[in-house]
Amino acid sequence: MAAFPVSSNFEGDFVIQLVPVDTGNTMDEVAAACAVHSINRRVAPRPGKILRVRRHSDGTLFPRNMKLADAGLMPTETIDILFMDA
Amino acid sequence: MSLLKREQWYDLTRATSWTPKYVSEEELFPEQMSGGRGISLEEWAKYDEPYKVTYPEYVTTQREKDAGAYSVKAALERDAFIERADPGWISNVQAHFGAIAVGEFAASLAEARMMRFSKAPGNRNMATFGMLDENRHGQIQLYFPHANTHRSRQWDWAHKAYHTNEWAAIAARSLFDDMMMTRDAIGVAIMLTFAFETGFTNMQFLGLAADAAEAGDHTFSSMISSVQTDEARHAQQGGPALQILIKHGKKAEAQTMIDVAIWRSWKLFSVLTGPIMDYYTPVHARNQSFKEFMLEWIVGQFERQLLDLGLDKPWYWAQLIEGLDQTHHGMHMGVWYWRPTVWWNPAAGVTPADREWLEQKYPGWNKTWGRCWDVITDNLVQSRMDLTLPATLPTICNMCNLPILGTPGDGWNTKDYQLVHEGRLYHFGSEPDRWCFQIDPERYKGHMNLIDRFLAGQIQPADLAGALKYMNLSPGEMGDDAHNYAWVQHYQKKAAE
């Protein structure tokens, strides 16, 4: 468990943002942390959709319960946060 | 006493050349400072500046220019235009002075490098005047805003900005350090005078002068028009240097310098001039959109100059043109959303009339940028100011030092151009930003952008308050909405209906 910065590229938003998360977080928790800085700020909520995390550089979609520590990301590496059907 | 005619002595006095006896050519013109690139002094002596001026002529003209600009200022001072100006216009002027004034002083050092170290006598002669020009520009653009410092501490940022670690100041310093403070004389002639001044200062100084006149700010309009007459002259130093480089097989190197300088200049102007022209200036005072100015001055005129010299359009030209519909809208939204981090009060520029103008000039604006502004506006209508202020920092490009942006809403395309170099992960806002780094990583790899400094613990406390302190922004200096959110009333009334 350690603090870990990621760069959040949130679907529908105009800017990539620095978001502090934790290596022990699941991908669902990472997505929720990123949502705080985009949803209801510049991105309208989309009821019925869930958020998924994708590696920005190669498009790998991470399992929802995968721990951040197991994803092989570098500190500040950019991840896409996408709206998807549940 | 009879005087010789100008043409009888001009060529002799402009050369200021002599044959060194006590030092070698390399000692007189060190390559690192001169950038002669193996071309002989005889060849550099063929440098033929298109604009010829003598010192007496220069002094006479400059005196007249200063007298004109300062007279307009003095005559209109009692008119107190600033007291009744649209707050968005005041933001234009404050942003301009902070980003430009001290940089002009720095430019006089770049001109001085050409004046002393260029191997081309004509270049040395013109740069003498160029150095005096830039000194004048620094002085006049500090003197004029100083008259308003009793009105607000934000005016003091005309002088203060470059001496801080405010993010826009870091971005401006990074650009100017790269293309004018750390290049040899010929590099300065090409990157500063040809690429930056020929193209971009025209837009800032002529475009903004036109908007200023429309907005009723005749003091500012006459001042920056006066500055631009100097720029138009000393910007011509690059052309003859390029001709010599091309003649001696150095076209590729010249093209690379131009491509780097144009891209980096474009990015800075997308955050400085773009929001000013398309959002801060009141709709009725806008002459053309930022995109239209760019198409006229950069894509049209400057492209023609490149081709006339035998150079090519930069490899990323299509990307730059595509960016005219995108980049500055994102820069504007970022500046407004992170408004406490700037020294001026950004005007949102999204009243119904503004949005109609934006949709007309940038078809699709409402479905992209408008989507984000819809959410921001709804929050203000519902008194959720907290959601319109940042709770973190944007990821920043390791080349332009500006946020990494894309088109939002229905056209979402935000992309980070990442690169791992010697084990460090770098972020770039575009392919050309990353290319600038990749062609010379030794030059750029050590620079730490604001996020790098934040993560390295240089910014304490490690939160937004700490970042504002690091940027030297105090209450009274931090930006807020230029119109104090009066524009939200349109939407409140609509919501109440």
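Distance from the C-alpha centroid of the range B:111-159 to that of the range B:247-268: 24 Å, rounded to the whole angstrom.
Under a 5 Å amide H cut-off, with hydrogens placed 1.01 Å from N, A:L18 pairs with A:S8, B:L393, B:T395 among residues at least 5 apart or on other chains. In whole Å, how far is the Cα centre of the range B:38-54 from that of the range B:333-391? The range B:38-54 and the range B:333-391 have Cα centres spaced 51 Å from each other.
Just add up the charged neighbours of B:H146: K/R +1, D/E -1, any other residue whose Cβ is under 12 Å from the Cβ of B:H146. Value of the local net charge: +2. Overall, the anisotropy analysis places the range B:9-86 in the prolate class: the square-rooted eigenvalues a ≥ b ≥ c of its C-alpha gyration tensor yield a/c not less than 1.5, with a/b exceeding b/c.
Seen from B:K52, the other residues with C-beta closer than 11 Å to its C-beta sum to a net charge of -2, counting Lys and Arg as +1 and Asp and Glu as -1. Straight-line reach from B:K247: taking Cα to Cα under 23 Å and skipping same-chain neighbours fewer than 8 places apart, the lysines in range are B:K46, B:K52, B:K119, B:K313. The Cα-based radius of gyration and maximum Cα-Cα distance (Dmax) for the protein assembly as shown are 25.3, 95 Å. Please report how far the C-alpha centroid of the range B:439-497 lies from that of the range B:161-207, rounded to the nearest whole angstrom. Cα centroid to Cα centroid, the span is 22 Å.
Based on DSSP, what percent of beta bridges with both residues in the protein assembly as shown are antiparallel, to the nearest 5?
Percent antiparallel among DSSP bridges in the protein assembly as shown is about 80.
Shielding value for A:38-45 is 6, the average number of Cβ atoms from other chains within 10 Å of each residue's Cβ.
Equivalent-ellipsoid semi-axes for the range B:247-327 (Cα gyration tensor, √(5λ), whole Å, largest first): 28, 12, 10. DSSP beta bridges fully contained in chain A are about 75 percent antiparallel. I need the Debye-formula profile for the range B:156-221: one equal scatterer per C-alpha, no solvent, reported as log10 I(q)/I(0) at q = 0.19, 0.28 1/Å, two decimals. Summing over Cα pairs of the range B:156-221 leads to -0.92, -1.02. For chain B, excluding the exposed loop sites themselves (trypsin sites (Lys or Arg not before Pro), DSSP loop, at most 11 other Cβ atoms within 10 Å), the longest remaining stretch covers B:79-497. For the residues of B:406-413, the average number of beta carbons from a partner chain within 10 Å of their own beta carbon is 4. Its Cα gyration tensor gives chain B an equivalent ellipsoid, and the semi-axes of that ellipsoid, as √(5λ) in whole Å with the largest first, are 40, 27, 21. The residues packed around B:D354, meaning those with a beta-carbon under 14 Å from its beta-carbon, carry a net charge of -3 if Lys and Arg are +1 and Asp and Glu are -1.
Net charge dipole, the range B:177-242: roughly 220 debye, given to the nearest 20, about the Cα centre with Cβ charges of +1 for Lys and Arg and -1 for Asp and Glu. Note on B:D452 and A:R55: with the Förster distance fixed at 25 Å, the Cβ-Cβ geometry gives a FRET efficiency of about 0.70.
Using the Stokes-Einstein relation with a Kirkwood hydrodynamic radius computed over Cα pairs, the translational diffusion coefficient of chain A at 4 °C and a viscosity of 1.567 mPa s comes to 103 µm²/s.
Cβ-Cβ distance of A:M84 and B:A496, R₀ of 45 Å, FRET efficiency by 1/(1 + (r/R0)^6): the value works out to about 0.80.
A short reminder: the numbers here are calculations on the coordinates, not readings from a lab. The structure presented is a predicted model; accordingly, all values stated were derived computationally and were not measured. Glycine also receives a Cβ, built like all others from the backbone with ideal geometry; neighbour counts cover every protein chain displayed.
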